[in-house]
Amino acid sequence: MTTLLVTGGCGFIGSNLIRHLLSTYPEYQVWNLDALTYAGRLENVQDLEANPRYRFFKGQLQDKEFVRQVVRQGVDYIMNLAAESHVDRSIKNPGIFIETNIIGTQVLLDAAHEFGVHRFLQCSTDEVYGTLGAEGYFTEETPLAPNSPYAASKAGADCYVRAYHETFGLEVVTTRCSNNYGPYQLPEKLIPYFIALAAENKPLPVYGNGQNVRDWLYVEDHCRAMDMVLHKGESGQVYNVGGHNERTNLEVIHKLLELMGKSKDLIEYVKDRPGHDLRYAIDPAKIGKTLGWQPTVDFETGLARTVDWYLSHQDWVHHVRKDLTPLV
């Protein structure tokens, strides 16, 4: 039986990915390695515990001996999603982003090389490219120009992945995605955070003038893309994954309030954060042309699904929010 290791599998994207893999590949066993920080939560995968093809390992990615003990048991594929990922937290405490995102990735690459893992997928972000003006798109050829400590740590990790391919011949592929949204995302990120606040009729703090633009990708579409890149992508290549859903932050918030039947009076403009990129926009033409991937969930449908999920999982939301460390 093929064994696939997902790191960060108790997080938002990781837990959705594991569900996708288990349902798509009945011949696979899927292992989950997670440190269970505030962002990785066992309740996100609680429904999988009885599955005989699922196995959980608790530990830190930067713990070399622990990672070696897991991988040496026989791992065919690794999908590395373990990461510190919140920009505001990277501004407050950059060091932990180096430890997890760069050192952790390097330790995992070492184990993959040592124990003959068939292929290594690095899940990255469009933020490594920096910021765009009003026009243009990030392609896989766009130079790396990260503007936040988070983005810099992901760019560093991506460079290590490339280096292990070029130096050691390790089979690697990298995906760089636009902003994800959907079930199980921590309510410190924009969409679930504002859903939680609006549900309680609390002010929604919008950075600057709300005109920062992001491309939004429904998490299930992202999981399909990573699956395709892992199994069909060309080794050593980068694949951008975007949702064709550019929206200003203010447009997203207005749509959320409309779906929830709430007043726009809840919007409260606050001082912009340092290094706040104006616009991200992904050109996913490469993955479309070479692998046939296209997003299937339009933004309006995905956002409505997301709002419904959070409003029907209020116990999860309240429990998770209690464990979130304030950023101020």
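Bear in mind these aren't lab numbers, they're just calculated from the coordinates by the rules spelled out. What you see is a predicted model, and the numbers here were worked out from it, not measured in a lab. For neighbour counting, all protein chains shown are included, and Cβ atoms are generated from backbone atoms with ideal geometry for every residue, glycine included.
With a length cut of 27 Å (Cα positions projected on each helix's long axis) and a Kyte-Doolittle mean of at least -0.5, go through the chain and give me the DSSP H helices that pass. For the chain, where a helix must reach 27 Å along its axis and average at least -0.5, the hits are 149-168. Only Lys, Arg, Asp and Glu carry charge here, each on its Cβ (+1 for the first two, -1 for the last two); on that basis the chain has a dipole of about 340 debye about its Cα centre.
Which percent, nearest 5, of DSSP beta bridges in the chain are antiparallel?
5
Placing +1 on the Cβ of every Lys and Arg and -1 on the Cβ of every Asp and Glu, with no other charges, gives the stretch 22-150 a dipole of roughly 440 debye about its Cα centre.
Among residues other than Ala83 with Cβ under 12 Å from its Cβ, the summed charge is -3 (Lys and Arg +1, Asp and Glu -1).
Summing Lys, Arg as +1 and Asp, Glu as -1, what charge do residues with Cβ under 13 Å from the Cβ of Gly302 carry, Gly302 excluded?
That sum, taken over residues with Cβ under 13 Å, equals -3.
Of the GluC sites (Glu not before Pro) found in the stretch 1-100, those in coil by DSSP whose Cβ has at most 10 other Cβ atoms within 10 Å are Glu27, Glu49. Considering the chain, its Cα convex hull presents a mean projected area of 15.5 nm². For the stretch 132-192 versus the stretch 224-239, the inter-centroid distance based on Cα atoms is 14 Å. Cα centroids of the stretch 262-293 and the stretch 100-130: 25 Å apart. Per-residue 3J(HN,Hα) values for the stretch 74-83, derived from phi via the Karplus relation 6.51 cos²θ - 1.76 cosθ + 1.60 with θ = phi - 60°, read x, 10, 8, 10, 10, 10, 8, 10, 5, 6 Hz in sequence order (x marks Gly and Pro).
Annotated for the chain: lysine pairs at least 8 residues apart or interchain, Cα distance under 19 Å, count 16.
Residues whose amide H lies under 5 Å from that of Asn179, counting only those 5 or more places away or on a different chain, are Asp215, Leu217; hydrogens are built 1.01 Å from N in the peptide plane. For the stretch 134-143, backbone phi angles converted through the Karplus equation (6.51, -1.76, 1.60; θ = phi - 60°) give residue-by-residue couplings of 6, 10, x, 9, 6, 10, 5, 8, 5, x Hz, Gly and Pro being listed as x.
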